[in-house]
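Inspection log for the structure reproduced underneath, given as structure tokens.
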Amino acid sequence: MYEMKDHMYSEVENKIANGKDETTAIKETIANFKEDPHPFTELAEQEEYLNQNKYESKRDFGFDLIMVLCIGPLGALTAPILKGYIELAQIIPWLFFFIVAQIIFHRFYSKNMKESRVKTLQFTSKAYLILFALAFGMYAANLTINQQINIVPTMYLLVYIAILIPLYLLLKSVYNKNKDLLNK
């Protein structure tokens with residue numbers, strides 16, 4: 001719309017610069033618009049197309065942030081496996097971020113998928129595999145440091161893996177449900 005308005009203003013200014021008075025220049029510009037609206041309708045169609053695709057072409061920072069909060073806290077929650085004990089003060093903030101992100105993802109984003117979000121899901125599901133490796137790596141480091149199997153890190157690892165597997169499968173099911181958006 002701004003481009004059409006700018007085009008009309010510049011046409012009026014050109015006519016004024018060529019010696020016509022302002023009223024005549026405006027009337028002729030409007031008459032030209034009525035005779036041949038094609039350039040303007042073309043601009044309007046282009047503007048409409050850009051507006052429809054604007055949301056898809058820009059980064060979806062809200063979705064990206066939620067996906068980071070669905071994955072990131074899980075990495076931080078492996079710390080008790082390495083330390084060998086659980087400090088609730090360190091775990092509670094990460095659990096809060098993780099739970100809120102999961103709720104937002106499954107309540108809103110999983111029902112409003114589009115191509116860029118499915119691509120992000122595809123990458124994110126691979127990050128879950130890294131979390132499996134991270135948990136077992138922390139457990140191996142704990143075994144190396146303590147030179148014995150401790151019950152707290154072992155139980156924590158089992159619970160962590162028991163939670164991580166269903167989360168991975170749930171994310172994979174959302175991806176599988178929407179992967180046809182990638183083929184369009």
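The values are calculated or read from the model by the stated rules, or taken from the named source; none is laboratory data. Only a predicted model underlies this, so the values are computations on that prediction, with no experimental measurement involved. Glycine gets a Cβ as well: all are built from the backbone with ideal geometry, and neighbour counts include every protein chain shown. These area figures cover heavy atoms from the full protein model, side chains too; ligands, DNA and RNA do not enter into them. Shrake-Rupley method; radii C 1.70, N 1.55, O 1.52, S 1.80 Å.
Laid out as a table, the results:
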read-out: Region 34-62 - residue that is at pLDDT 70 or above and surrounded by 10 or more Cβ atoms within 10 Å (Cβ to Cβ) and, of those, farthest from F108 (Cα to Cα); value: D60
read-out: Candidate set: region 147-167, residues that are in a helix (DSSP H, G or I) and open to solvent by less than 50 Å² (accessible area, probe 1.4 Å); chosen: the one nearest to S110 (Cα to Cα); value: L167
read-out: Residue within region 84-92 that is open to solvent by 70 Å² or more (accessible area, probe 1.4 Å), in contact (Cβ under 8 Å) with a residue 40 or more places away in the chain, of a type outside the set (V, I, T) and farther than 29 Å from R59 by Cβ present; value: yes
read-out: Any hit, region 116-125, residues being more than 22 Å from N183 (Cα to Cα) and open to solvent by 60 Å² or more (accessible area, probe 1.4 Å); value: no
read-out: Qualifying residue in region 97-115 (condition: within 30 Å of L143 (Cβ to Cβ) and open to solvent by less than 70 Å² (accessible area, probe 1.4 Å)); value: yes
read-out: Pairs with Cβ under 8 Å, 6+ apart, first in region 1-19 and assigned to a helix (DSSP H, G or I), second at pLDDT 70 or above and of a type in the set (D, E, K, R); value: V12/E22; K15/E28; I16/E22
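One line per residue, one yes/no per condition, for (1) modelled with pLDDT of 90 or more; (2) among the small types (G, A, S):
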residue: V68; (1), (2): yes, no
residue: T78; (1), (2): yes, no
residue: G84; (1), (2): no, yes
residue: N112; (1), (2): no, no
residue: V118; (1), (2): no, no
residue: T124; (1), (2): no, no
residue: I130; (1), (2): yes, no
residue: M138; (1), (2): yes, no
